[in-house]
1. So is Thr241 under 19 Å from Phe425 (Cβ atoms), of a type in the set (Val, Ile, Thr) and either under 20 Å from the mean Cα position of the chain (by Cα) or open to solvent by 30 Å² or more (accessible area, probe 1.4 Å) (or both) or not?
2. Tell me, which helices (runs of 4 or more DSSP H) lie completely within the range 350-410 with 2 or more residues that are open to solvent by 30 Å² or more (accessible area, probe 1.4 Å)?
3. Given the criteria assigned to a loop (DSSP other than H, G, I, E, B), modelled with pLDDT of 85 or more and of a type outside the set (S, T, N, Q), does Gly178 qualify?
4. Can you tell me which of (1) closer than 25 Å to Leu258 by Cβ; (2) surrounded by 24 or more Cβ atoms within 10 Å (Cβ to Cβ); (3) more than 14 Å from the chain's Cα centre (by Cα) is the one Gly66 doesn't meet?
5. Can you tell me which residues in the range 224-235 are under 13 Å from Val167 (Cβ atoms) and either touching a helix residue (DSSP H, G or I) at 6+ places or on another chain (Cβ under 6 Å) or without any contact (Cβ under 8 Å) to a residue 24 or more places away in the chain (or both)?
6. When residues of the range 94-138 are filtered for being of a type outside the set (Gly, Ala, Ser), open to solvent by less than 30 Å² (accessible area, probe 1.4 Å) and part of a helix (DSSP H, G or I), how many remain?
7. Which numbered condition in (1) more than 29 Å from Lys403 (Cβ to Cβ); (2) outside any helix (DSSP H, G or I); (3) of a type in the set (Gly, Ala, Ser) is the only one that Ala296 fails?
8. Is there any pair linking a residue in the range 14-36 that is closer than 14 Å to Leu299 by Cα to one that is outside any helix (DSSP H, G or I), with Cβ under 6 Å and at least six apart or on different chains, and which?
Amino acid sequence: MVIFLISMLVIVVLLLAELPVAFAFGIGAIMFTFATGNDISFLVIHGFNTSGGFALLALPLFILAGILMAEGGISNRLLDFVNSIVGRLKGGLGAVTVLTCALFGAISGSSSAAIAAIGQIMIPRMKEEGYPEGHATALVACSSVLALLIPPSIPMIIFSITGGLSVGAAFLSTIIPGIMLTVIYCCLNFWFLRNNTLIKVEPALPFVQAARGVVTSGYNAFWALLMPVIILGAIYTGIATPTEAAAIAVIYAIPVSLFVYKGLTFKTLGSATVRAVIMTGSIMAVLFFLFIMSRAMILEQVPKQLAEALLLLSDNKLVILLVINLLLLLIGMIVDDISGGVLAAIIFLPVVQALGIHPIHFAAIVGVNLGLGNVSPPCAPMLYMAGGVAKLPLNKYIVPTVKLLCFGHLPMVILVTFVPDLALFLPRLLMGIE
């Protein structure tokens, strides 16, 4: 246990020193392996075999599909559709941002992709309409984590595969929390801006004209809105596995982006594919070292020792869950959502299973917690990415971010932790999960 804690401390220090994530985990994994006397060659073979599993093929395919749809003009169609519904309300553009991030999350499965695709459009647009630039930036950052909760979610795929859980059930576990958080962020946006007199509001349209605009924009966004229906429908009807559904998503995205929305050309198709390969390679490098470390930890019975240590703190399951929540929050602050998902599966999943907590319930806890950590200072990778898109210093958007997190995301973490049915209702209803 001491060697494990030292290895984790080394990884944290290296990450804070801005060493690339793959190298930080690689050094930590190799250090832990040699210090415990395990056979490195056996662990390397295990890492390669696990990284090459069929289920993990969903990762590069969903990444490629998300990039193709972003390049193909999908985000603009989604924005126009949502804007036609709520855009003429005071604070409506903020609600448009939140809802579009949720919809885009159902296409790309990535928080960073949501920030890049939606933030670059909506932050300047909100500033032009009189929104405080800090509020606009915070809203994009916090809403981006909806991509972790609205399936298909890349971090949930990784968490499920690492923990040996059903990917489909893990997807379902975060849908209700994701929808609830979307509504909460929309309401908070309207509330925080209710007394702001600088926001420009377009005059309301007659009902017939407004309805015509919704129908027109919905028609234009039809192919974008159909994509998550096809993906999730294929998975939950049993037509396709998540990996096969990811392949369907790519096959669907290419002609839609090339010939329907025409935002993608054959030239940019090549560059988008290269970007997807680079992104996948960087993620797989991290996963390879994490798989090595996870196997070494299992051989050294670290998860069992952690469970015993947590049980010494209290015999109350809820108290232990609160401690785990705090640790997940810290992990989310330090590493990206994908690395955090693997660490959660490696370190905490055996612990919560030993405590009698349903693993699918824990999947939802991981999703909402890592999302909170990804936008919580001091590290907050997604928060700083949104600040980079907006070209703002942290002090300009830290206060609205904290307000959104305290009144929105933090209560959702507590709800998901203490109300298991929020996570388990849909998996039980649609998949018969016990």
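1. No; evaluated as a whole, the condition is false for this residue.
2. Working: elements: 359-374, 381-390, 394-404.
It comes to 381-390, 394-404.
3. Against the criterion (assigned to a loop (DSSP other than H, G, I, E, B), modelled with pLDDT of 85 or more and of a type outside the set (S, T, N, Q)), Gly178 does not qualify.
4. (3) is the only condition that Gly66 fails.
5. Of the range 224-235, the ones under 13 Å from Val167 (Cβ atoms) are 231-232, 234-235.
Matches in the range 224-235: Ile231, Ala234, Ile235.
6. Counting residues in the range 94-138 that are of a type outside the set (Gly, Ala, Ser), open to solvent by less than 30 Å² (accessible area, probe 1.4 Å) and part of a helix (DSSP H, G or I) gives 14.
7. The number of the failed condition is (2).
8. Here the result reads Thr36/Glu300, each pair linking the range 14-36 to a residue that is outside any helix (DSSP H, G or I).
The values are calculated or read from the model by the stated rules, or taken from the named source; none is laboratory data. Since the model is a prediction, treat every value here as computed from it, not as a measurement. Ideal geometry is used to build each Cβ from the backbone, glycine not excepted, and the neighbour counts take in all protein chains shown. These area figures cover heavy atoms from the full protein model, side chains too; ligands, DNA and RNA do not enter into them. Shrake-Rupley method; radii C 1.70, N 1.55, O 1.52, S 1.80 Å.
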